[in-house]
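Participant: One structure, pasted below without further comment.
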Amino acid sequence: MIKMVGIELKQAEQEGLLIGVKSDGMKYSVRQHRLTWLMPDVWIKVVDALSSKKAKLTAEILIQTGARINEVRHIEERDIDYERNTIKLRITKTKAKKGERTGKPRTIPMSSAFIKRLRKHFAAGIKPGSKIGLLSTPAFNIALKKALVKIDYPEPYMVSTHNIRKTHGNWLKILGNLRIIDVDASEICLRLGHDYNTFLSSYGSSSVLDNKDVMLVKQILGDLYSR
C-alpha cells in the first residue's frame, strides 16, 4: 500500500496501475512507472487507428520531434527552416528547479520528408501567424487511448502523450548505438531538452529492436540523422 497526498493507493487488477479513492469519493489511478515506449509496428497501427486528421498530425509531430506536446503546439510556420530542415521550439518547458524563469528555446533537425509534409500543411489555407493546429493534451490522450484499445494493445492505460517522447528518444538511442544513424547521447539529450542523467533514468532502455523493427523506425523517421 502507498500513500500519496493523503490517498491510500492499492494495486489495481491491471498490472502497473495503482488505485485509490479521494475524500469526495472519486476514484484515483496512478501508473507505477512512466517508462513505456512503443515498438514501431505498434506505432504504425496506432497512427492508422487514430480517427481524425488533427489527431494524426499531433501524433506525427510528437514522434518526429520527440518534443513535449506543450512545446510543439506553439509551432508556427516562421519556426520552420525549409532549407535546413529544422524547427525552432520557441516555447519550452521552464525548469524551475534549475532556476529558470522561462524555458530555453532550442532548434532541432528534422527529416526532409516531414518538413515537406509541414510545408504542405501550412500551405493549405492556414493564416500567417497561426499555430500548427494540434489537439489539446486531454483530447489527444483520449484519442490515443481509443486507438490503443482499437488495436488491442495489452496495456493502453500505461501509455499517454509523454510516452511518445520516450519512444522517440529510445528509437534514436538504439539506432545510434547500431551506427545506423549519426547521433550520440549528447545530441539526443540536447534534442529532448534533458540532461544525461535524466535521459538514462527516465528514457533509456535496452536495445530490443530486431532488424525488421529497425527498418520500420528508419521508415518512420526518414533521413533524420542519416549517415
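The values are calculated or read from the model by the stated rules, or taken from the named source; none is laboratory data. The shown structure was predicted, so the numbers you read here are calculated from the model rather than taken from an experiment. FYI the Cβ positions are ideal-geometry reconstructions off the backbone, even for glycines, and counts take in every protein chain you see.
Participant: Please verify whether Asn170 is out of contact with any helix residue (DSSP H, G or I) (no Cβ under 9 Å at 6 or more places or on another chain), assigned to a helix (DSSP H, G or I), assigned by TED's automatic domain parsing to the domain that holds Arg68 and within 23 Å of Thr137 (Cα to Cα), treating the condition exactly as stated.
Facilitator: It is true that Asn170 is out of contact with any helix residue (DSSP H, G or I) (no Cβ under 9 Å at 6 or more places or on another chain), assigned to a helix (DSSP H, G or I), assigned by TED's automatic domain parsing to the domain that holds Arg68 and within 23 Å of Thr137 (Cα to Cα).
Participant: Run down Ala143, Ala124 and say which single residue is more than 16 Å from Thr65 (Cα to Cα) and touching a residue at least 60 places away in the same chain (Cβ under 8 Å).
Facilitator: Ala143
Participant: Which residues, counting only those in region 104-139, are of a type in the set (S, T, N, Q) and not in a loop (DSSP other than H, G, I, E, B)?
Facilitator: Hits for region 104-139 are Thr107, Ser112, Thr137.
Participant: Suppose we keep only residues that are outside any helix (DSSP H, G or I) and either in contact with a strand residue (DSSP E or B) (Cβ under 6 Å, 6 or more places away or on another chain) or not aromatic (Phe, Trp, Tyr) (or both) within region 140-154. Which one would you say is farthest from Leu50 (Cα to Cα)?
Facilitator: Per the criteria, the residue is Pro154.
Participant: Here's a follow-up. Listed residues Ala67, Ala59, Ala55; which is assigned to a loop (DSSP other than H, G, I, E, B) and touching a Leu at 6+ places or on another chain (Cβ under 8 Å)?
Facilitator: One residue alone meets the criteria, Ala67.
Participant: Quick one: is Leu200 more than 22 Å from Val72 (Cα to Cα), modelled with pLDDT of 95 or more and not charged (D, E, K, R)?
Facilitator: no
Participant: Name the single residue, out of those in region 145-198 being among the hydroxyl-bearing types (Ser, Thr, Tyr) and surrounded by 13 or more Cβ atoms within 10 Å (Cβ to Cβ), that is nearest to Asp213 (Cα to Cα).
Facilitator: Once the filter is applied, the top-ranked residue is Thr167.
Participant: Also, quick follow-up: If a residue must be touching a residue at least 24 places away in the same chain (Cβ under 8 Å) and either of a type in the set (Lys, Arg) or in contact with a Cys (Cβ under 8 Å, 6 or more places away or on another chain) (or both), how many such residues does region 33-62 contain?
Facilitator: Residues meeting the conditions: 3.
Participant: Kindly evaluate Ser186 against the criterion of being of a type outside the set (Phe, Trp, Tyr), more than 16 Å from the chain's Cα centre (by Cα) and assigned by TED's automatic domain parsing to the domain that holds Arg106. Full working, then the answer.
Facilitator: Details: of a type outside the set (Phe, Trp, Tyr): yes; more than 16 Å from the chain's Cα centre (by Cα): yes; assigned by TED's automatic domain parsing to the domain that holds Arg106: yes.
It is true that Ser186 is of a type outside the set (Phe, Trp, Tyr), more than 16 Å from the chain's Cα centre (by Cα) and assigned by TED's automatic domain parsing to the domain that holds Arg106.
Participant: When you check Ile91 against the structure, is it surrounded by 14 or more Cβ atoms within 10 Å (Cβ to Cβ), at pLDDT below 95 and not hydroxyl-bearing (Ser, Thr, Tyr), yes or no?
Facilitator: yes
Participant: Could you go through region 157-175 and let me know if any residue there is on the phi > 0 side of the Ramachandran plot and of a type in the set (D, E, K, R). Show your work before the answer.
Facilitator: Residues of region 157-175 that are on the phi > 0 side of the Ramachandran plot, as a first pass: none.
No, because not a single residue in region 157-175 is on the phi > 0 side of the Ramachandran plot and of a type in the set (D, E, K, R).
Participant: Also, quick follow-up: Since Ile44 meets every condition but one in (1) crowded, with 16+ Cβ neighbours inside 10 Å; (2) at pLDDT 65 or above; (3) farther than 30 Å from Pro128 by Cα; (4) of a type outside the set (Asp, Glu), which condition does it not meet?
Facilitator: Ile44 satisfies all of (1) crowded, with 16+ Cβ neighbours inside 10 Å; (2) at pLDDT 65 or above; (3) farther than 30 Å from Pro128 by Cα; (4) of a type outside the set (Asp, Glu) except (1).
Participant: Taking Leu209 as the residue in question, decide whether it is buried (at least 16 other Cβ atoms within 10 Å of the Cβ), over 16 Å from the mean Cα position of the chain (by Cα) and at pLDDT below 95.
Facilitator: Considered against the rule, which asks whether it is buried (at least 16 other Cβ atoms within 10 Å of the Cβ), over 16 Å from the mean Cα position of the chain (by Cα) and at pLDDT below 95, Leu209 comes out as yes.
Participant: Residues in region 189-227 that are of a type in the set (S, T, N, Q) and either outside the structural domain of Leu62 (by TED's automatic domain parsing) or closer than 19 Å to Ile61 by Cβ (or both): how many?
Facilitator: Total satisfying the criteria: 2.
Participant: Turning to a different aspect of this structure: Give all pairs with beta carbons closer than 9 Å in which a residue from region 63-86 that is over 14 Å from Ile108 (Cα atoms) meets a residue that is of a type in the set (S, T, N, Q) and in a helix (DSSP H, G or I); count only pairs at least 6 apart in sequence or on separate chains.
Facilitator: Ile69/Thr58; Ile69/Thr137; Ile69/Thr161; Asn70/Thr137; Arg73/Thr58; Arg73/Thr137
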